[in-house]
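The values are calculated or read from the model by the stated rules, or taken from the named source; none is laboratory data. As the structure is a prediction and not an experimental result, all values here were calculated from the model. A quick note on method: Cβ atoms are made from the backbone with ideal geometry, for glycine too, and the neighbour counts reach across all protein chains shown.
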Amino acid sequence: MASVAATTSAAAVVKLAHLSTTSSLPNPTSSKPTKIILSSSFTPSSTTLFLRPTTTTTTTGQRSFRRFSVRAARGKFERKKPHVNIGTIGHVDHGKTTLTAALTMALASLGNSAPKKYDEIDAAPEERARGITINTATVEYETENRHYAHVDCPGHADYVKNMITGAAQMDGAILVVDDEELLQLVELEVRELLSSYEFPGDDIPIVSGSALLALEALMANPGIKRGENEWVDKIYQLMDEVDNYIPIPQRQTDLPFLMAIEDVFSITGRGTVATGRVERGTIKVGDTVDIVGLRDTKSTTVTGVEMFQKTLDEAMAGDNVGLLLRGVQKDDIQRGMKEEGGRHSPFFAGYRPQFYMRTTDVTGKVNTIMNDKDEESKMVMPGDRVKMEVELITPIACEQGMRFAIREGGKTVGAGVIQSIIE
């Protein structure tokens, strides 16, 4: 056996050790390269590399290979179908990751995706040990009509922040609900819940099936086709509904490039990779981008663009990509944006901040506080939305509907609209 480590350049040289005549590596007299599987330059997923001998050394009774030239054979992403971002959301342990694995395996049987097993999606040791998803995971697959990037989101309450990060990238979602009994009642309650949040609950398609039984059937026979298994057919039915119900978004490709960063990692000898969804515009190798947010704005050049371990000539709005950035350290860029300041503690009735209205500012005293339900509240926490009765210390010109900002100690701590003028 040979332990092989490859750099990410197109033609790199690596050393091989402990090779014998039983090795499956190529004959030194042969010009035909041997295919092996190594990791991609952008992600830990496997990619195809080829080994070709450049020099050999022979010893008595044994043949050794000293140096091999390595070239990466990563594919190129071809846009043949519309691209849509979807994902699985729902409560913890309701089967989101199981459904994701079943989707990839079912569509792989049609030749439209690479199959992903459950433990390949929840790959982190802690995720495997606890049996729950902690970080979002993204997989790709294709139906007859579309190419999908699928984000599998965590459902545990402790990881809602990670779930929001994944949901922010979606054009549509698959809500996974598990109940062993009373499926019709659950469907009714789900539709009512969706309607209460202003989704068209009565119109949204619902597919009842078993992702677990479908996955078990596909694990036993990966070549199952439509009509051969009841539960696998439910997976196909689900994707038919997704194809038909979730519209293809209008991408803003004519606007300046903007990408929200989801993750950052570094590659020795290559640079730093930032991953995320392109919100608007387009990007290609050689373009200059500005890193805006946590620190001072920094300009850098994009030296590589990949999507699902495949190179892209140009990424556009809606794509989930990795951008290789020149001259940027991993610590220079991270997920999130700088906070805008504000209070980190509540305020109470009697609070006296500055109210800014157009070109005027005046001190005002908060006399009463009401919450969204018109119930009296004793305090306002950062992020709350409330109604307040304010007494200004001096009269100023204002009218109903005028907007204002609330500032304290040089920081903006709130904003609002005048609903009525008491006197």
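Screening residue 318 with (1) part of a loop (DSSP other than H, G, I, E, B); (2) over 15 Å from the mean Cα position of the chain (by Cα) gives one miss only, at (2).
Test residue 215 against the stated conditions and say whether it is exposed (fewer than 13 other Cβ atoms within 10 Å of the Cβ) and aliphatic (A, V, I, L, M). No: the conditions fail for residue 215.
For region 348-364, filtered to residues that are of a type in the set (S, T, N, Q) and assigned to a strand (DSSP E or B), the residue that is nearest to residue 406 (Cα to Cα) is 354. Considering only region 296-305, I want to know if a residue exists there that is part of a loop (DSSP other than H, G, I, E, B), modelled with pLDDT of 85 or more and within 18 Å of the chain's Cα centre (by Cα). The answer is no, given that none of the residues of region 296-305 is part of a loop (DSSP other than H, G, I, E, B), modelled with pLDDT of 85 or more and within 18 Å of the chain's Cα centre (by Cα). For region 365-423, a residue qualifies if it is outside any strand (DSSP E or B), modelled with pLDDT of 90 or more and closer than 14 Å to residue 347 by Cα, and exactly one does: 386. Which ranges mark the strands (runs of 3 or more DSSP E) fully within region 193-291 that have 1 or more residues being over 22 Å from residue 86 (Cα atoms) and touching a Ser or Thr at 6+ places or on another chain (Cβ under 8 Å)? In region 193-291, the matching strands (runs of 3 or more DSSP E) lie at 258-267, 271-280, 288-291.
In region 220-229, is there at least one residue being of a type in the set (Asp, Glu) and in the same structural domain as residue 283 (by TED's automatic domain parsing)? There is no residue in region 220-229 that is of a type in the set (Asp, Glu) and in the same structural domain as residue 283 (by TED's automatic domain parsing). Of all the listed residues (234, 310), the sole one being within 20 Å of residue 147 (Cα to Cα), surrounded by fewer than 20 Cβ atoms within 10 Å (Cβ to Cβ) and not assigned by TED's automatic domain parsing to the domain that holds residue 147 is 310. Apart from one condition, residue 326 fits all of (1) at pLDDT 85 or above; (2) crowded, with 16+ Cβ neighbours inside 10 Å; (3) of a type outside the set (Val, Ile, Thr); (4) in contact with a Gly (Cβ under 9 Å, 6 or more places away or on another chain); the exception is (2). With the structure loaded, tell me whether residue 361 is surrounded by fewer than 13 Cβ atoms within 10 Å (Cβ to Cβ) and more than 28 Å from residue 293 (Cα to Cα) or whether it fails that test. Taking the combined requirement at face value, the residue does not satisfy it.
What do you reckon, is residue 315 under 19 Å from residue 150 (Cα atoms) and touching a Ser or Thr at 6+ places or on another chain (Cβ under 7 Å)? Answer is yes for this residue. Selection of region 390-423 for residues being among the acidic types (Asp, Glu) and either over 16 Å from residue 352 (Cα atoms) or without any contact (Cβ under 8 Å) to a residue 12 or more places away in the chain (or both) yields 399, 423.
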